[in-house]
Amino acid sequence: MLLGCIADDFTGGTDLASMLATGGMRTVQTIGVPEGRIDSADAVVVALKSRTAPPTQAVAESLAALRWLQAQGCRQFFFKYCSTFDSTPAGNIGPVIDALMDALGLSFTIACPAYPDNGRTVYRGHLFVGSQLLSDSGMKDHPLTPMTDANLVRVLQAQTRQRVGLIGHDTVVTGAAGILDACKAAATTGIGITIVDALSTADLHAIGRACAELPLLTGGSGIALGLPDNFRRSGELPDRAAAGALPRIDGAAAIIAGSCSTATNAQVARWLQTRPGFRVDVRRLLAGADIVGEALDWQSRQARRDPVLVYATSTPEEVRAVQSEAGAEQTGQRVETALAEIAAGLAQTGTRKFVIAGGETSGAVVKRLGIRALRIGPAIDPGVPWTCSVATQPLALALKSGNFGSVDFFEKALNRLQ
Ligand code: ADP
């Protein structure tokens with residue numbers, strides 16, 4: 001195992017894992033810190049749920065992940081956070097970087113959340129979302145990590161014991177050698193973490209190349225773009241044409257949609273134009289009806305066991321109406337539990353391929369199915385790969401956070417498995 005990654009949330013971890021698999025590394029994503037060994041992997045992404053945890057907990061979990069990755073023999077480490085730098089003055093990006101640097105005995109690392117393909121760029125240390133400064137984007141109103149300052153040097157400085165510096169775009173465009181020289185110069189002046197500007201994918205490749213020998217990198221999944229090439233250049237990673245190949249998995253297919261995002265609403269509507277679907281009636285569910293039994297019974301009656309959609313997906317107005325009666329959290333959990341039970345029932349009767357829409361919904365289903373690790377396969381859409389559970393009877397899973405994927409995502413995902 002070459003590269004050990006620690007991601008501060010699940011779907012962000014998948015995004016990174018997909019990038020590494022596409023780059024030719026055999027990649028496994030684990031849900032939390034694993035207990036045993038993982039075989040046949042060049043990179044492992046340990047996905048935590050630490051983004052908004054109390055800082056002490058985020059640090060403890062990240063250090064546990066680091067220890068496990070060290071025990072697997074990784075020679076480089078990557079701390080992955082969101083490309084919108086989701087954090088507060090209390091953390092958790094700064095405290096986790098500090099702790100990882102201490103544990104690895106390091107005095108220097110970089111911080112680069114840029115991901116130009118997704119519209120996240122960093123210029124003169126300022127983070128842009130599309131053409132807006134981070135602090136003018138929707139992130140200023142985020143319920144847990146409102147980002148009201150786009151100056152990342154200032155934002156990170158408030159969270160870390162290290163001195164924070166900046167490598168500007170004028171240096172980055174000079175290429176990997178210039179970036180490396182700037183890193184060395186920064187380190188000698190006592191800078192512990194440097195923000196690095198990046199405006200293009202070419203910039204990310206140059207930064208990745210400059211960091212080939214850096215034991216710890218931190219950033220969004222973008223700077224991982226250049227890392228597989230580093231390992232190939234050093235001779236540690238063979239050419240793996242089939243790094244993202246998954247075993248053939250036979251069995252019925254189901255789509256479980258618990259996301260109510262705009263994208264998922266459109267994807268559900270598109271599927272229902274030509275394919276069967278079972279709508280979870282949330283009001284009846286809350287009133288105690290056996291929706292799980294009804295859904296399983298419905299699926300067993302489908303002709304030739306066609307791929308089916310089970311969805312709770314509703315319009316924002318419908319969601320608000322039911323939430324105002326039963327409470328948002330209570331409703332969400334009841335729906336998640338029901339969808340997870342339906343997935344478990346389907347798995348018991350021969351469904352082996354699952355497309356799950358919704359971050360929280362994916363978490364609930366994966367937990368209910370007892371899955372602890374996923375081998376990463378081919379990308380369906382950017383950031384959403386097919387995966388297969390690491391188990392004696394593997395399942396194929398595509399876990400889509402709400403707003404990801406094209407309107408024909410469900411059909412596209414199933415075709416990709418043929
Ligand atoms: P996303 O990735 O779009 O945020 P999530 O699965 O993370 O999707 O979150 C959606 C939440 O909404 C879940 O808790 C889910 O159980 C809940 N939910 C799904 N359908 C409904 C509905 N019809 N009414 C109320 N809540 C719902």
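Data for the structure
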quantity	calculated
SER401 long-range amide H proximity, modeled H, under 5 Å	GLY358
Calculated P(r) of the range 221-345 - Cα pairs past 26 Å, %	42
Pairs of alpha carbons in the range 147-194 whose separation is greater than 17 Å (percent)	40
Nonlocal amide H pairs with HIS142, under 5 Å, H built at 1.01 Å	MET147
Solvent exposure of the range 3-233 as accessible area per residue, Å², 1.4 Å probe	36
Cα radius of gyration and Dmax for the chain (Å)	21.7, 70
Percent carbon-and-sulfur accessible area, the range 256-350, ignoring ligands, DNA and RNA, probe 1.4 Å	48
Diffusion constant of the range 89-231 at 25 °C, which comes from Stokes-Einstein with the Kirkwood Cα-pair radius and 0.890 mPa s, µm²/s	163
Backbone HN-Hα couplings from phi across the range 402-417 [Karplus 6.51/-1.76/1.60, Hz, Gly and Pro as x]	x, 8, 7, x, 6, 5, 9, 4, 5, 5, 4, 4, 5, 4, 5, 7
Built amide H within the under 5 Å cut-off of GLY377, gap 5+	TRP386, THR387, CYS388
Backbone HN-Hα couplings from phi across the range 199-210 [Karplus 6.51/-1.76/1.60, Hz, Gly and Pro as x]	10, 8, 4, 4, 4, 5, 4, 5, 5, x, 5, 4
For the range 294-306, Karplus couplings with θ = phi - 60° (6.51, -1.76, 1.60), whole Hz, Gly/Pro x	4, 5, 5, 5, 4, 5, 5, 9, 6, 4, 6, 6, 4
Peptides ranked, highest mean first, by Cβ atoms within 10 Å: ranges 64-75, 261-272, 322-333, 357-368	357-368, 261-272, 64-75, 322-333
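The values are calculated or read from the model by the stated rules, or taken from the named source; none is laboratory data. Computed from a predicted structure; not experimentally measured. Note: ideal-geometry Cβ built from the backbone for every residue, glycine included; neighbour counts use all protein chains shown. Remember, those area values only see protein heavy atoms, side chains included, never the ligands or the DNA or RNA. Shrake-Rupley method; radii C 1.70, N 1.55, O 1.52, S 1.80 Å.
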